[in-house]
1. Hey, could you pull the Cα Rg and Dmax for region B:11-151, both in Å?
2. Quick one: what Rg and Dmax do you get for region A:189-332 from the alpha carbons, in Å?
3. Quick check: the angle from helix B:200-215's long axis to the longest principal axis of chain B, C-alpha only, nearest 10 degrees?
4. Computed on alpha carbon atoms, what radius of gyration and Dmax characterise chain B, expressed in Å?
5. Can you give the mean number of other chain Cβ atoms that lie within 10 Å of the Cβ atoms in peptide A:95-108?
6. When DSSP beta bridges are limited to those with both residues in chain A, what percentage is antiparallel, rounded to the nearest 5?
7. Quick one: if you stick a label point 7 Å off each Cα along the C-beta vector at B:Leu257 and A:Ser307, how many nm between them?
8. Considering the zone a paramagnetic label at B:Cys20 would reach in this model (a point 7 Å from Cα along the Cα-to-Cβ line), which residues of region B:227-258 have amide N under 17 Å from it?
Amino acid sequence: MNSGPIVRIEGLTRRFGPIVAVDRVDLEIARGELFALLGGSGCGKTTLLRMLAGFETPDEGRLFIDGQDMTDVPPYRRPVNMMFQSYALFPHMDVAANVGYGLRRDGVKAAEIAERVAEILTLVHLQDHAKRKPSQLSGGQRQRVALARALVKRPKLLLLDEPLAALDRKLREGTRFEMVRLQEQLGLTFVMVTHDQEEAMSMATRLAVMNAGRIAQIGTPHEVYEHPVSRFVADFIGIANIIARDGGGWMALRPEKIALSAERPGLPRTIAGRIVDVAYEGDRSLYHVETDAHGTMTVSTTNTSRSAGAAFARGQPVWLGWADESGQRLEA
Amino acid sequence: MRFVIGLPFLWLGIFFLLPCLLVLAISLGTYAPDSVPPVELGLSIKSFALLFSDGLYLAAWLSSLRIAATSTLVALLLGYPMAYAIARTAPNRRPLLLMLVVLPFWTSFLIRIYAWMGLLADNGLIDQFLRWSGLVSNPGTILGTEWAVHLGIVYAYLPFMVLPLYATLEKLDDSLLEAAADLGAKPLAAFFTVTLPLSLPGIVAGCLLVFIPAVGEFVIPDLLGGTETLMIGKVLWDEFFTNGDWPLASAVAVCLLVLLVGPIAIFQRNQARSLEKRT
């Protein structure tokens, strides 16, 4: 087995008329990663994923999967399977037939198909639903059928297009853990497209933040959150106060890295301000603080005590303080 | 309110149900050549008995079914690629293509069939072209054969095949075909395992819309088929207008109706089911 990266992308470009959807992207994804492509709509993440699947042909650049050049290989000959955002389940086939579809195309024997379909359905807890039609399933069940159908061929690479977007919030959280469990258990490489930074942060081993067809930053969730390289990334991932530095340039300061107090705190950097807005979120409270030095800043406090709601009231004068190393210097 | 609902039923009652009952009544009467109309009402099944005993009528039946069935098949084989191609073109160009499909309806049906007579006749345009081009030195006559009838039916009813097929193919979700390709299906396999089964309601609707009127068709076999082609619609016409045997013509009409109730019921159920699916 080849020990290099499972995916290698070199200068991949895709244009739609005058629009450059994906612009000279270079990327390597290692075996066994759960890699997330994160970005807003129109950033090129879906086009990049569709090029990995073979639904879009790149205008420039090369694409290697497991060391083999796949740039011009049609989707039905790629060792890659995709879970579609709409799930794209075949409405005229029952669950077992949907899941077994790919194996039938490969000419796998009927007995083996039945066995592998049963096995994968057990893995996604749908063993009792094999004879149901997709229209008879709930949204969460359909999502798991789509996942099982994409997994059953044991692809070298599983592509997931907004895998959780169609689920409601409660279900989404459970499914997140479930998918990470499956990915680790099967030892497969997942590449996931999402616009939801929370989803990407909590699931991915590494992620690429995309903007205007280019990759703005690649790194672990921790690196991208704590060490954003640009104003775009700092602003896109979580909340960031982007403030001017003394010697020129910019710095990103996360709301939870700022101490909020009524008295001037004993920290290297302190500024005075006045609370203009309070958002109580249960586990934490967010404050908008009007300051002379940096305009409106966002600060958060963790609500560890049950006694009171938000600790500070609107209109109250407060002090903000932070250490020099709390902020991340931004390159761009 | 009751008036608004009642009016269409009244209309159907007077202009559809009543004539049907009249036809049924006449079919049970006896032929009376000297009276006007040439029928004596009663409860005789003589006309029906004649239909089932005279081989001519059975032969006409069978040949009608055969011609309608083959024409439907040809229309399906022609119409499916057309509908598929229209459904695959860019959405802004589809209305134009659909209009081209429906365009022949802007001219009278009869005139279009007469035009075919001109094209197919000896020394007609097609005949002249074949001789002039030297492709065929002595083309046989097409007009007056079953070939011409098939051609006429396929030509006249093709839009009824294309439109329902287009309606189902246009709704087909592209991501299903991508999913099929992703799972290893080559384009042809994806067509037979996904596109074709999912367009089945359109196929059924299109086939019945062509088959049902084609069975009873009389203008096309009369004008294009000549004396050689035997179709039940033409027999009905001849009995009524040439022989003046109203009871026998009515009996043919009643049998035609009964025979087509089956396919029409299938069509209705198919429509109802696809309507249910949509909601």
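Values quoted throughout were computed directly from the atomic coordinates according to the rules given, and no laboratory measurement underlies them. What you see is a predicted model; the values in this text were computed from it and never measured. Note: ideal-geometry Cβ built from the backbone for every residue, glycine included; neighbour counts use all protein chains shown.
1. Just the Cα atoms of region B:11-151 yield Rg and Dmax of 22.9, 65 Å.
2. 16.5, 51
3. Around 30 degrees separate the two axes.
4. 22.9, 76
5. Per residue, the number of nearby Cβ atoms from other chains is 3 on average.
6. Bridges in chain A are about 75 percent antiparallel.
7. 9.1
8. Residues B:250-258 qualify, since their backbone N sits under 17 Å from the label point.
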